[in-house]
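**Q** Take this structure first; my questions come after.
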Amino acid sequence: MYTDEMARAFHSIAHYAPRKFSLTVIDNEHFLTLRADEKQFMSLNYEDKLQAVEYMIRAKKALEDNGAIVLLVREGGKE
């Protein structure tokens, strides 16, 4: 499901991500999961957190614009 066009769109917005923050794309056959690490996010300052949220929204939209169904999840934190 994760096509070359989706990969290009996702990587084309990487410059929006703040330093020390990244998303992982997981191909689940019928949909994609964007996974954000909670520890990375929580270690950011306020401005970088806003930038990270904007990046997550842009990443989700870029993938959806290329035909993907996208689930955004976090990893880490207290269970």
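Since every read-out is calculated from the coordinates, none of them should be taken as a lab result. No experiment lies behind these values; they were computed from the predicted model shown. All Cβ positions, even for glycine, are placed from backbone atoms using ideal geometry, and neighbour counts span all protein chains on display.
**Q** Note the full-extension length gain between TYR16 and LEU71 as 0.36 nm times their separation in residues minus their Cα-Cα distance, in nm to one decimal.
**A** Using 0.36 nm per residue and subtracting the Cα-Cα distance, I get 17.9 nm.
**Q** Right, another one. What are the residues whose amide H is under 5 Å from the amide H of ARG74, where those residues sit 5 or more places off or on another chain and H is modelled from the backbone?
**A** ALA36
**Q** With label points built 7 Å along Cα→Cβ from the Cα atoms of ASP4 and ARG35, find their separation and express it in nm.
**A** So the two model labels end up 2.7 nm from each other.
**Q** To continue, here is another question. In the chain, which trypsin sites (Lys or Arg not before Pro) fall in coil by DSSP and have 12 or fewer other Cβ atoms within 10 Å?
**A** ARG19, LYS20, LYS78
**Q** Between VAL53 and ASP27, with labels modelled 7 Å along Cα→Cβ, what's the label distance in nm to one decimal, could you check?
**A** 3.2 nm
**Q** Additional query: What number do you get for the chain when its Cα radius of gyration is normalised by 2.2 N^0.38 Å, N = residues?
**A** 1.07
**Q** Using Cα pairs closer than 8 Å and at least 6 residues apart in sequence, work out the relative contact order for the chain, in percent.
**A** 39 percent
**Q** Something else: Residue by residue, what Karplus-based ³J(HN,Hα) values in Hz, rounded to whole numbers, does the range 14-22 have, using 6.51, -1.76 and 1.60 with θ = phi - 60° and x for Gly and Pro?
**A** Listing the rounded values in order: 4, 5, 7, 6, x, 4, 6, 9, 8 Hz.
**Q** If you don't mind, there's one more thing I want to ask. Could you work out how far helix 46-65 tilts from the main Cα principal axis of the chain, as a 0 to 90 degree angle to the nearest 10?
**A** That helix lies at roughly 10 degrees to the long axis.
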